[in-house]
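Laboratory data are not the source of any read-out in this text; all were calculated from the coordinates shown. Please read all numbers here as calculations on a predicted model, not as lab measurements. We place every Cβ from the backbone using ideal geometry, glycine too, and count neighbours over all the protein chains shown.
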Amino acid sequence: MTQRFSFSLHATDGHARTGAISTPRGEIRTPAFMPVGTAATVKAMMPESVRATGADILLGNTYHLMLRPTAERIDRLGGLHRFMNWDRPILTDSGGFQVMSLSDLRKLTEEGVTFRSHVDGSKHFLSPERSMEIQRLLGSDIVMCFDECPALPADRDRIAQSMRLSMRWAERSREAFGDRPGHALFGIQQGGLERDFREESAAALKEIGFDGYAIGGLAVGEGQEAMFSALDFAPGMLPHDKPRYLMGVGKPDDIVGAVKRGVDMMDCVLPSRSGRTGQAWTRRGQVNIKNARHADDPRPLDEACTCPACSHYSRAYLHHVFRAGEMISGMLLTWHNLHYFQQIMAEMRAAIAAGTFAGWEAGFHGTRAAGDIEPL
Ligand SMILES: [Zn+2]
């Protein structure tokens, strides 16, 4: 574990970038999509299956793991990698966002946040120091600063107040994280859709100094157009030679638009969550496998996809097992969705390296616009 965390940029095409993050647990090819393993599992997937889709890294949630089974228990059992049988890099969020979105009876002070667990009502406290401790106990490779962010739309005063608190917390997070060779700490830019606040936040983070920089506070209800407007300026405010991570994004077209604007890493529950509700994402857009049109259809979900769901099963089978409530339904659709998301990332990495991103992007949108194959 002596190897340092580092990022090398291999090529750019417009604002889009491709490169690699080196960690002692392996390389992360960028742009990278990180599947979300909320409760120490990417739901419905074995870790080796997640890896087989092409994922180099996955995300774990501090908020969920601190409540159940607790960070201390995971530490006693050898850390999160060993606990969940995933030996490649793991990024953990700080818990801040989910405390705000999931817990009850929150009390926010300069010191941190006191809240009640959504699981059993027990009382907990999270602060920059406690979040760093939990992420260290989990054994996370990429640790996120503890921050706070308002849902959008919010007024400028609320956004500024929240951003400045997050910057003070970023400084405390840096201090508490200390010097841990081979592990990285990412700062999180806040400031909503306001250019001046994003600039102020980026300057504060650069002054502290981090191994990577996240763009936080987007994909929180503002819509794609507003998010892209913010991404037209936000990534460029962050250091060119460090990875940039857009948190909680997104749908395939959100991901493509973010990469086009200079984002290197993303995460989202969408491919796994929609896999469990009968929703598939393909080159041709979204397919609702519940729909009766699939009941007699012997064709695969996507004839060009090489995932197990598309290689060995028909739309009729996927429709049947969803309707019958069989577990394999969520397993196959999650696998397909994760495979498709990783396929997009691999194609974008290749297109950026070849300097053909604009042409690739036109093809991506063109195939989607044509829509799903005609019913039989
Ligand atoms: Zn497939």
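Under 22 Å between alpha carbons, and skipping anything fewer than 8 positions from Lys206 in its own chain: which lysines qualify? Cross-link targets: Lys242.
How much FRET efficiency would the formula 1/(1 + (r/R0)^6) give for Leu108 and His15, where r is the Cβ-Cβ distance and R0 is 25 Å, rounded to 0.05? Here the calculated transfer efficiency is 0.10. Axis angle, to the nearest 10 degrees, between helix 128-138 and the longest C-alpha principal axis of the chain: 50 degrees. Projected onto planes of every orientation and averaged, the convex hull of the alpha-carbon atoms in segment 278-370 covers 5.8 nm².
What FRET efficiency comes out for the pair Asp87/Asp196, r = Cβ-Cβ distance, R0 = 51 Å, nearest 0.05? Efficiency, rounded to the nearest 0.05: 0.70. Ranking of Ile215, Ile90 by neighbouring Cβ atoms within 10 Å, starting from the fewest: Ile90, Ile215.
Look at Met265, Met237 and count the other Cβ atoms within 10 Å of each Cβ; fewest to most, that gives Met237, Met265. For segment 1-90, applying the loop criterion from DSSP together with a ceiling of 13 other beta carbons within 10 Å to the trypsin sites (Lys or Arg not before Pro) yields Arg4.
For segment 101-189, GluC sites (Glu not before Pro) meeting the loop criterion (DSSP other than H, G, I, E, B) and having at most 15 other Cβ atoms within 10 Å: Glu110, Glu111. Helix 156-177 and the longest principal axis of the C-alpha atoms of the chain enclose an angle of approximately 80°. Calculated mean residue ellipticity, 222 nm, the chain: -12500 deg cm²/dmol, from DSSP H runs (n ≥ 4) at -39500 (n - 2.57) each, averaged per residue and rounded to 500. Cβ-to-Cβ counts within 10 Å put Ser8, Ser117 in ascending order as Ser8, Ser117, the fewest first. Summing Lys and Arg as +1 and Asp and Glu as -1 over all other residues whose Cβ lies under 13 Å from the Cβ of Met132 gives a net charge of -2. For Gln161 and His312, a Förster radius of 41 Å and the Cβ-Cβ distance give a FRET efficiency of 0.15, rounded to the nearest 0.05.
Of the GluC sites (Glu not before Pro) found in segment 282-376, those in coil by DSSP whose Cβ has at most 13 other Cβ atoms within 10 Å are Glu303, Glu326.
Comparing the chain with the 2.2 N^0.38 Å rule of thumb, its C-alpha radius of gyration ratio is 0.98 (two decimals). Beta bridges per DSSP, both residues in the chain: antiparallel share near 50 percent. For the chain, averaging the sequence separation of C-alpha pairs within contact (under 8 Å, six or more residues apart) and dividing by the residue count gives a relative contact order of 17 percent.
Annotation for Arg68 and Asp241: the two label points, set 7 Å from Cα along the Cα-Cβ direction, are 4.6 nm apart.
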